[in-house]
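Q: Once you've had a glance at the structure underneath, I'll fire off some questions.
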Amino acid sequence: MTKLNKKFDNPEVAAVFSTYPIKFRTKLMFLRRLIFDTAARTKGVGELEEALKWGEPSYLTPKTKSGSTVRINWKESLGNNYAIYFKCTTNLVSTFKKFYPELTYEKNRAIHFRLNEKLPVKKLSHCIGLALTYHLRKGVTKI
């Protein structure tokens, strides 16, 4: 994975990251970098916009409109977990479950990770790529 040179363009997003306990901030910064890296190498995605949605760091494809919003967050109610969220009205999480049943899911909206576990980077990158190209595949029955 390349080093993320992108500073926060959105001061509100930077402010949210600064509120996370350091152990979670580090994990979420890694997820952020993975999202940007995946977007950069995925055909059709284009430039990402980093914003807040529901008070959570969110990644959108406003220029190409290729994808569904991806969000990341930790909150106290998650304990030692943090998560990557997807729009619950899509079939994204049900698709991820077919590819990677071993991951920990929250209904049809998120993948959870434990603080002390190693992230499944390849699997997660695949899921992120599917989310960021969701609208390019709408109506396609096979992935």
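The values are calculated or read from the model by the stated rules, or taken from the named source; none is laboratory data. Fair warning: this is a prediction, and the values are worked out from it, not measured in the lab. Note that we place each Cβ from the backbone using ideal geometry, even for glycine, and neighbour counts take in every protein chain shown.
Q: Which of the residues spanning segment 34-64 are more than 13 Å from the chain's Cα centre (by Cα), without any contact (Cβ under 8 Å) to a residue 40 or more places away in the chain and within 21 Å of Leu119 (Cβ to Cβ)?
A: Ala40, Arg41
Q: Is it the case that some residue within segment 1-15 is in a helix (DSSP H, G or I), free of Cβ contacts under 8 Å to residues at least 60 places away in the same chain, touching a Pro at 6+ places or on another chain (Cβ under 6 Å) and farther than 16 Å from Leu124 by Cβ?
A: Step one: filter segment 1-15 for residues in a helix (DSSP H, G or I), giving 11-15.
Narrowing further to those that are free of Cβ contacts under 8 Å to residues at least 60 places away in the same chain: 11-15.
Of the ones still in play, those that are also touching a Pro at 6+ places or on another chain (Cβ under 6 Å) are 13.
Imposing the further condition that a residue be farther than 16 Å from Leu124 by Cβ reduces the set to 13.
Scanning segment 1-15, I find at least one residue that is in a helix (DSSP H, G or I), free of Cβ contacts under 8 Å to residues at least 60 places away in the same chain, touching a Pro at 6+ places or on another chain (Cβ under 6 Å) and farther than 16 Å from Leu124 by Cβ, so the answer is yes.
Q: Moving to a separate point now. One residue is enough: does segment 105-115 have a residue meeting the conditions of a type in the set (Asp, Glu) and either loosely packed, with under 12 Cβ neighbours inside 10 Å or over 27 Å from Glu12 (Cα atoms) (or both)? Quick ask: steps written out before the conclusion?
A: Of the residues in segment 105-115, the ones of a type in the set (Asp, Glu) are 106.
Narrowing further to those that are either loosely packed, with under 12 Cβ neighbours inside 10 Å or over 27 Å from Glu12 (Cα atoms) (or both): none.
So far as segment 105-115 goes, no, none of its residues is of a type in the set (Asp, Glu) and either loosely packed, with under 12 Cβ neighbours inside 10 Å or over 27 Å from Glu12 (Cα atoms) (or both).
Q: Does any residue in segment 65-80 that is farther than 20 Å from Leu130 by Cβ come within less than 7 Å, Cβ to Cβ, of a residue that is among the hydroxyl-bearing types (Ser, Thr, Tyr) and part of a loop (DSSP other than H, G, I, E, B) six or more places away or on a different chain, and which pairs are these?
A: Trp74/Tyr20
Q: Identify the residue in segment 67-89 that is among the hydroxyl-bearing types (Ser, Thr, Tyr) and at pLDDT 95 or above and, among all such residues, is surrounded by the fewest Cβ atoms within 10 Å (Cβ to Cβ).
A: Looking only at segment 67-89, we keep the residues that are among the hydroxyl-bearing types (Ser, Thr, Tyr), and these are 68-69, 77, 82, 85, 89.
Now narrow it down to the ones that are at pLDDT 95 or above: 68-69, 82, 85.
Details: Ser68: 18, Thr69: 20, Tyr82: 22, Tyr85: 21.
Ranking the candidates gives Ser68 first.
Table: residues versus (1) among the β-branched types (Val, Ile, Thr); (2) touching a Leu at 6+ places or on another chain (Cβ under 7 Å); (3) over 25 Å from Tyr20 (Cα atoms).
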position	(1), (2), (3)
Gly79	no, no, no
Tyr85	no, no, no
Phe99	no, no, yes
Phe113	no, yes, no
His126	no, no, yes
Gly129	no, no, yes
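Q: Can you name the residue in segment 24-48 that is basic (Lys, Arg) and surrounded by 13 or more Cβ atoms within 10 Å (Cβ to Cβ) and, of all such residues, is farthest from Leu132 (Cα to Cα)? Give the steps one after another, and end with the answer.
A: Let us first name the residues in segment 24-48 that are basic (Lys, Arg), namely 25, 27, 32-33, 41, 43.
Now restrict to residues that are surrounded by 13 or more Cβ atoms within 10 Å (Cβ to Cβ): 25, 27, 32-33.
Working: Arg25: 23, Lys27: 20, Arg32: 13, Arg33: 14 Å.
Here the answer is Arg25.
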